[in-house]
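The values are calculated or read from the model by the stated rules, or taken from the named source; none is laboratory data. Every value quoted in this text rests on a predicted model; they were computed, and no experiment measured them. Here the Cβ positions follow ideal geometry from the backbone for every residue, glycine too, while neighbour counts run over all protein chains shown.
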Amino acid sequence: MELGGGLGSGAAALLDELPTLGTLGGRSASTASPSSCRSSCGGASRRSRSRFPDASFLKFGALDMNLPFAGQGVAPGSASVVYAVNTLHVARDLDFTLREIFDALAPGGRLVVSECIRTAPAQAIYIEFIFNLMETFRSPVLHPPYRPNGGFLAPEEWQGAMEAAGFVDVRMLPDIPSLRARFPHFQVGAVGATRPAYDATT
């Protein structure tokens, strides 16, 4: 399941890789948040269906990541992978949205997000000049210490947010914490985390 479909580039990148894994015939879905769906969900749908005519399993629709997923047709434990490209940083309450993603994933399922990432907390990133025009970017629900401000998150903040929601095995590619002293302006990466295969409380 993809969150924030945009123009479909994230879905296309994934679908390009599925044949090499022998899984193009599997089930998948792409759902867009209302803001991106209004502007480009139709474009993402048309492009994906045109480029991948055999991917009949694709579905496109609106999903408000600020509301419970189950009430919008996403059953608990129904997704093996949830991914999002430049989307989760505008969640109104990141903790809430991550917990909804956690519940939507099957045990052992994986969350992967591609984001702009601050190499240090409160670091200014040039692209924020535009994004700060969005209230959702500037004024989310705060959760110190992992959500101390609006906008993009630092590596430690992503890890703290995901672990607070119950995820384990949080990884970043590339390893920005090991690179940032030499490359303080390398600010794009992917963060992955796993829903545990078994509930530790049972």
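Looking only at region 129-171, residues that are among the hydrophobic types (A, V, I, L, M, F, W, C), surrounded by fewer than 20 Cβ atoms within 10 Å (Cβ to Cβ) and in a strand (DSSP E or B) come to 2 in all. Within region 79-113, can you find the residues that are of a type in the set (G, A, S) and either free of Cβ contacts under 8 Å to residues at least 60 places away in the same chain or buried (at least 19 other Cβ atoms within 10 Å of the Cβ) (or both)? If the condition is that a residue be of a type in the set (G, A, S) and either free of Cβ contacts under 8 Å to residues at least 60 places away in the same chain or buried (at least 19 other Cβ atoms within 10 Å of the Cβ) (or both), then A79, S80, A84, A91, A104, G109 are the ones that fit.
Of the residues making up region 93-128, those that are of a type outside the set (F, W, Y) and either part of a strand (DSSP E or B) or at pLDDT below 95 (or both) number 23. Starting from residues that are at pLDDT below 95 and surrounded by fewer than 17 Cβ atoms within 10 Å (Cβ to Cβ), keep the ones in region 179-192 and report whichever is farthest from L98 (Cα to Cα). Checking each candidate, the answer is R182. Screening region 172-202 for residues that are touching a Leu at 6+ places or on another chain (Cβ under 9 Å) and in a loop (DSSP other than H, G, I, E, B) and picking the one that is nearest to S80 (Cα to Cα) gives R195.
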